[in-house]
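Everything on this sheet refers to the single structure shown next.
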Amino acid sequence: MPALELRGLTKRYDDGTVALRDFDLVIPDGAFFGLLGPNGAGKTTLISAVCNLIRITAGEVRVFGEPGDSLLARSWVGLAEQDINLDRFLTVRETLVYHGGYFGMTKREAEERAAEMIRVFDLEAKADVRAPRLSGGQKRRLQLARALMHRPRLVILDEPTAGVDFELRLELWRYIRKLHENGTTILLTTHYLEEAEELCDEIALIRGGRLLARDTADGLRERYD
Ligand code: ADP
Ligand code: ADP
């Protein structure tokens, strides 16, 4: 069963902009898949459609075989949006526990899972600090931890290292790789070719809301160099 299947996905915004045109894409279970394209290509729109954050104009989304708007499909997807949006009044631990509750975990489950995430993401020293007092790197780590709280099978990372310095980028890559090694399917968008090359098994090139090519990083280099 593929992790994600998009069939004829089309999104026309209210102002008439067509951000995705008849887009087909199948991402296998366990893949580390990159969506690479310039600003305005339609990457965020695609992700928003998969996560039910926008209404699609036409087409179909399936997550591990289930309709994308079903509760089951929603529970299988974890999202780290491009803009980190953390609740400024919640501590690191509270942010995670709250998110667990949102996905139906009991308080106890959520607290245990939050403690685990705090460990995995090296946030112990900041567990009881509120989000605005975290460094940029800590905020990114918390955002990733939040996306993973409910043990999603498919994790979507929208430009996870946009605007971060080189050192933090390497650090985030390390966490993301570990996640993939543990069996999670990853869909990552980026406009950095080197990031897609570094991390992804397979890459889809997207531009103007259409799929231009789908290949390994080496294959793409051969085609476009
Ligand atoms: P990317 O994530 O690849 O930068 P987006 O999906 O954000 O691309 O945008 C694709 C196209 O849709 C762009 O032309 C963008 O201006 C347009 N767009 C995105 N959001 C909206 C919106 N809410 N209303 C109208 N047009 C939008
Ligand atoms: P609230 O209504 O509490 O503000 P949000 O809708 O802002 O909650 O969601 C909080 C965070 O949860 C988002 O920033 C996003 O990272 C994540 N999220 C939202 N929708 C989903 C989803 N369908 N699957 C996984 N994570 C999601």
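Read-outs: derived from the displayed coordinates by stated rules, not from any lab. Predicted, not measured: the structure shown is a model, and the values here were computed from it. With ideal geometry, Cβ positions are generated from the backbone for all residues, glycine too; neighbour counts draw on all protein chains shown.
Yes or no, residue by residue, for (1) more than 16 Å from ligand 2 (Cβ to nearest atom); (2) under 22 Å from Glu195 (Cβ atoms):
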residue	(1), (2)
Glu109	yes, no
Asp122	yes, yes
Pro132	no, no
Asp165	yes, yes
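Just a yes or no: is a residue in the stretch 80-92 among the hydrophobic types (A, V, I, L, M, F, W, C), in contact with a Pro (Cβ under 7 Å, 6 or more places away or on another chain) and within 30 Å of Phe23 (Cα to Cα)? So that I can check it myself, show each step before the final result.
Residues of the stretch 80-92 among the hydrophobic types (A, V, I, L, M, F, W, C): 80, 84, 86, 89-90, 92.
Filter once more, keeping what is in contact with a Pro (Cβ under 7 Å, 6 or more places away or on another chain): 80.
Subsequent filtering for residues that are within 30 Å of Phe23 (Cα to Cα) retains 80.
Yes, there is a match, as at least one residue in the stretch 80-92 is among the hydrophobic types (A, V, I, L, M, F, W, C), in contact with a Pro (Cβ under 7 Å, 6 or more places away or on another chain) and within 30 Å of Phe23 (Cα to Cα).
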Check: Here are some residues: Asp15, Asp22, Asp69. Which one is over 30 Å from Gly104 (Cα atoms) and free of Cβ contacts under 8 Å to residues at least 24 places away in the same chain?
Finding: Asp15
Margin query: It is to be established whether one or more residues within the stretch 147-158 are without any contact (Cβ under 8 Å) to a residue 40 or more places away in the chain and buried (at least 19 other Cβ atoms within 10 Å of the Cβ).
Written below: no
Notebook entry, point to check: Can you tell me how many residues in the stretch 100-114 are surrounded by fewer than 20 Cβ atoms within 10 Å (Cβ to Cβ) and in contact with a helix residue (DSSP H, G or I) (Cβ under 8 Å, 6 or more places away or on another chain)?
Noted result: 7
